[in-house]
Amino acid sequence: MHDPNTAPFLEPPILPVLAETEDWVVVAKPSRLMVHRSEERVPDKYFALQLVRDQVGCRVHPVHRLDRGTSGTLLFAKNPEWARRLQAALSAPDAGKTYLALVRGAFKQVGSVEIQQPMKDDRGVLREASSTVRALGVSTDPRCSLLEVRPRTGRYHQVRRHVRDLTHPVIGDSVHGDTKFNRLFRDAWGLDRLGLHALRLDLPLDNGERISAVSPLPPELASLFRRMPWWEAAVTLEPALALQWPLERAP
């Protein structure tokens, strides 16, 4: 079965730096790039961990993960102490991660929708999982919506599973999505990846400062979104959608 989310890179991609200090760095991960090597037998030659290490010139530690098919903000610590501090920061009440999800169907809910749907962890234990969802753009032709999803917990595939539970699976999702619709949308619009992007990362640090980073849409998503009927309305609600490389100052 065709799964564009697993096609390996033939050349090492450059990961743009979104924010950096001597203790941590935030980069923009492209779709199809794994964060680090896993026990899975995959043909990948390049991984974000090694690429960022080579780019910044020191050993780095991933603070969180992004699915292989997801693009966007990815945070690394430059030493073990900051890895612990940043992981603690992710659990702070005012920490925030914002995702953009291109989903199947015209989203009908008005305003923000709270999802409280527990999920099993790696050990099969049911854990609390909550997300806030709102529509940035909706159309019936094509039949799709752009959702802003803010997960308040960090469960495995949480964003993808929560929007699926709303009957609006992420387009291009071969695991939790609609295979037939994925194929039809790919043929009609050329989307050959998972329609999920980690737009924004905002974390409070224990020294009183904050990490605030925005990842502009990668070219393949920007090109597609600009052709959608809801583009102008979505930019009005989320001006960061219009950011382009080289990185402009986020609104």
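Its Cα gyration tensor gives the chain an equivalent ellipsoid, and the semi-axes of that ellipsoid, as √(5λ) in whole Å with the largest first, are 27, 21, 19.
Would you mind giving the average projected area, over all directions, of the Cα convex hull of region 100-211 in nm² with one decimal?
Numbers: hull surface 33.8 nm².
Answer in nm², one decimal: 8.5.
State log₁₀ I(q)/I(0) for region 156-198 at q = 0.28, 0.32, 0.33 Å⁻¹ as given by the Debye formula over alpha-carbon point scatterers of equal weight, solvent excluded. Per q value, in the given order, log10 I(q)/I(0) is -0.98, -1.15, -1.19. Of the peptides 89-101, 188-200, 225-237, the order by per-residue mean of other Cβ atoms within 10 Å, starting with the highest, comes out as 188-200, 89-101, 225-237.
At a Förster radius of 35 Å, what calculated FRET efficiency corresponds to the Cβ-Cβ distance of Lys108 and Phe9, to the nearest 0.05?
Values: r = 38 Å, r/R0 = 1.10.
My answer for the efficiency is 0.35.
For the chain, the mean residue ellipticity at 222 nm estimated from helices alone is -6000 deg cm²/dmol, where every DSSP H run of n ≥ 4 contributes -39500 (n - 2.57) and the total is divided by all residues, rounded to the nearest 500. A simple charge model with +1 on the Cβ of Lys and Arg, -1 on the Cβ of Asp and Glu and nothing else charged puts the dipole of region 26-111 at about 120 debye relative to its Cα centre.
Can you figure out the FRET efficiency of Glu20 with Thr167, using R₀ = 25 Å and their beta-carbon distance, to the nearest 0.05?
Details: r = 40 Å, r/R0 = 1.61.
Plugging the Cβ-Cβ distance into 1/(1 + (r/R0)^6) gives 0.05.
Just so you know, the Rg over Rh for region 111-166 is 1.05, from Cα atoms, with Rh as the Kirkwood radius. Selection among Ser131, Leu18, Gly177 by position relative to the dipole of the chain gives Gly177 as farthest towards the positive end (Cβ unit charges, Cα centre). Rounded, prolate or oblate: which one fits region 139-180, using the alpha carbon gyration tensor with axes a ≥ b ≥ c (rounded when a/c is under 1.5, else prolate when a/b beats b/c, else oblate)? Judged from the Cα gyration tensor, region 139-180 comes out oblate (a/c at least 1.5, b/c at or above a/b).
Inter-part distance, region 196-237 to region 61-124, computed on C-alpha centroids, equals 14 Å. Only the Cβ atoms of Lys and Arg (+1) and of Asp and Glu (-1) were treated as charged; on that basis the dipole of the chain about its Cα centre amounts to roughly 520 debye.
All of the numbers you see were taken from the coordinates with simple rules; none came from a lab. Note that the structure is a prediction, hence the values are computed from the model and not measured. Here Cβ is always computed from backbone atoms with ideal geometry, including for glycine, and neighbour counts include all displayed protein chains.
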